[in-house]
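Working notes for the structure below.
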Amino acid sequence: MFPGIARFREPQTPMPITAFDIKDPALAPAGRERIDWAYGEMPVLRTLEERLGRERPLEGIRVSACLHITTETANLARVLKGAGGDLVLCASNPLSTQDDVAAALVTHFEIPVFAIRGEDSETYYRHIHAALDHRPVLTLDDGADLVSELHSHRPELAAEMIGGSEETTTGVVRLRAMAKAGALRYPIVAVNDAQTKYLFDNRYGTGQSALDGIIRATNILLAGKVFTVVGYGWCGRGLALRAKGHGARVVVTEVDPVHALEAAMEGYEVMPLAEAAPVSDFIVTVSGDKHVVDRQHFELMKDGCVVANSGHFNVEINIPALESLAQSRHRPRPSVDEYRLADGRRIRLLAEGRLVNLAAAEGHPAAVMDMSFANQALCAAYLVQHAGTLSHQVHTVPPELDREVARLKLAAMGIIIDRLSAVQRAYLGSWQEGT
Ligand SMILES: NC(=O)c1ccc[n+]([C@@H]2O[C@H](COP(=O)([O-])OP(=O)(O)OC[C@H]3O[C@@H](n4cnc5c(N)ncnc54)[C@H](O)[C@@H]3O)[C@@H](O)[C@H]2O)c1
């Protein structure tokens, strides 16, 4: 079908699972139930499973995916495997793995997984290297740790590589920096930057799931509380919107004047974090930036303040600074660490500063990951179809794929929209007609 890529393909014998590293295979039945439950909310992915299963665009293609091991990821994996992909998975965060899902992937879908919830840093990277031992020609990444490790420690793999895709804002930022420095050695498609990804996943996904994580972790009422959102990008917009819906008094802190202005006109209080810290009941970071909540903010926080992060890495909250200020720490609830400072104030850090929606809840709901992962599946096929033709840069998702995902989602939701008439199409493409 695409003769140029024949050299990337393996003989088409099914790969026996020779290696995996998961917590407990006995958890598989529960994981399988939850994966199928999530699939019920993923109509676009189901459509693609049928289509790509027929076309087999990934036949024999070795794929390594570094993603959050959740029910939604399992459904993406089944689609990629059904499309012919020879797939292995590792975790993109030590605290986001759902061990029952990992077990079901190995046992029911025969997909090797290297991920255990709560793994230490050494194990996390060992698992990434296990995924690289698969000698992928396609990578799927969420945060760019897989691509970064490949370039830093396994550069010989880059020569064979067809391409990769990146799921999240922070990963795209890292990969653009690599491309700018001339260090990126194969093409990447920025799935995050598809409209059908960030407008929905980052906004409505994070809006719902970060609150879900905070509520599950604390069970504290949001109504009437001061809820500060640090960073008013796509995730921040969703989080502020949903916190407002719970009756919280929402404060936004920003460094970008346009985003700050938008937040102010949306009706939120906008102020520096140093002003927000003393009055906040909750402070939640979604900035993709480092140490946005720092020592000077902890010094100002009121007793009992809940601090959480829903940005990609656990660097947004300066945890070492909090530890150095604290006299003691204890864990009153599973995802809560309560630090007591010298003056008696308590600061409650959720999920060790890692993505609160994945570490304290289950991540985004399946219906929104349906669109993100439909983009992933279509981009994997697109990369293979264009093997050898794309430059070693970060590419945007082709707009026709983006629109295809929106069309499929609308159809699944039973929503019909109008079409341009011939007159309207001509008008919108012309410049002569005025008042
Ligand atoms: N939790 C999840 O499941 C999930 C989902 C999608 C994205 N993410 C991650 O969330 C983070 C944010 O993603 P996004 O798409 O909203 O990014 P974005 O670029 O749209 O928004 C980030 C915002 O933070 C602001 N910011 C940066 N430094 C700041 C500072 N010091 N103080 C206040 N504001 C600051 C920026 O000006 C920007 O408006 C990224 O790390 C991304 O990878 C997480």
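The values are calculated or read from the model by the stated rules, or taken from the named source; none is laboratory data. Remember, predicted model here, so these are calculated numbers, not experimental data. When we count neighbours, we look across all protein chains shown, and the Cβ atoms used for this are built from the backbone with ideal geometry, even at glycine.
Points to keep in mind about this one:
- The residue list L184, L199 contains one member that is modelled with pLDDT of 95 or more, more than 8 Å from the ligand (Cβ to nearest atom), within 27 Å of F282 (Cβ to Cβ) and not acidic (D, E), which is L199.
- When each of G363, G388 is tested for being within 14 Å of the ligand (Cβ to nearest atom) and at positive phi, the lone residue that passes is G363.
- Qualifying residue in the stretch 416-425 (condition: closer than 20 Å to V44 by Cα and in a helix (DSSP H, G or I)): no
- Any hit, the stretch 210-220, residues being under 14 Å from the mean Cα position of the chain (by Cα) and without any contact (Cβ under 8 Å) to a residue 40 or more places away in the chain: no
- All of L80, L105, L87, L76 fail the test of being outside any helix (DSSP H, G or I), buried (at least 21 other Cβ atoms within 10 Å of the Cβ) and at pLDDT 95 or above, apart from L87.
- Flag for A190 being of a type in the set (G, A, S) and over 25 Å from E362 (Cα atoms): no
- The residues in the stretch 133-146 that are part of a loop (DSSP other than H, G, I, E, B) and either aliphatic (A, V, I, L, M) or at pLDDT below 95 (or both) can be counted, and the count is 2.
- L401 within 21 Å of L199 (Cα to Cα), among the aliphatic types (A, V, I, L, M) and away from the ligand (no atom under 16 Å from the Cβ): yes
- Matching option when the condition is of a type in the set (A, V, I, L, M), crowded, with 16+ Cβ neighbours inside 10 Å and over 30 Å from A159 (Cβ atoms), among V394, V384, V423, V356: V356
- Looking across the stretch 234-274 at every residue that is acidic (D, E) and surrounded by fewer than 22 Cβ atoms within 10 Å (Cβ to Cβ), the one that is farthest from A194 (Cα to Cα) is identified as E269.
- Lone qualifier among E49, E72 - being in contact (Cβ under 8 Å) with a residue 40 or more places away in the chain and charged (D, E, K, R): E72
- Highlighted here are the strands (runs of 3 or more DSSP E) found entirely within the stretch 267-358 that include at least 3 residues which are over 22 Å from V251 (Cα atoms) and in contact with an Asp or Glu (Cβ under 7 Å, 6 or more places away or on another chain): 326-333.
- Residues in the stretch 245-286 that are near the ligand (Cβ under 9 Å from one of its atoms), polar (S, T, N, Q) and out of contact with any Leu (no Cβ under 8 Å at 6 or more places or on another chain): 1 in all.
- Residue match in the stretch 315-327 (condition: out of contact with any Cys (no Cβ under 6 Å at 6 or more places or on another chain), within 16 Å of A210 (Cα to Cα) and within 11 Å of the ligand (Cβ to nearest atom)): yes
- Annotation: of all residues in the stretch 218-233 being of a type in the set (A, V, I, L, M, F, W, C) and away from the ligand (no atom under 11 Å from the Cβ), the one that is surrounded by the most Cβ atoms within 10 Å (Cβ to Cβ) is F227.
- Total residues in the stretch 275-300, condition buried (at least 23 other Cβ atoms within 10 Å of the Cβ) and acidic (D, E): 0
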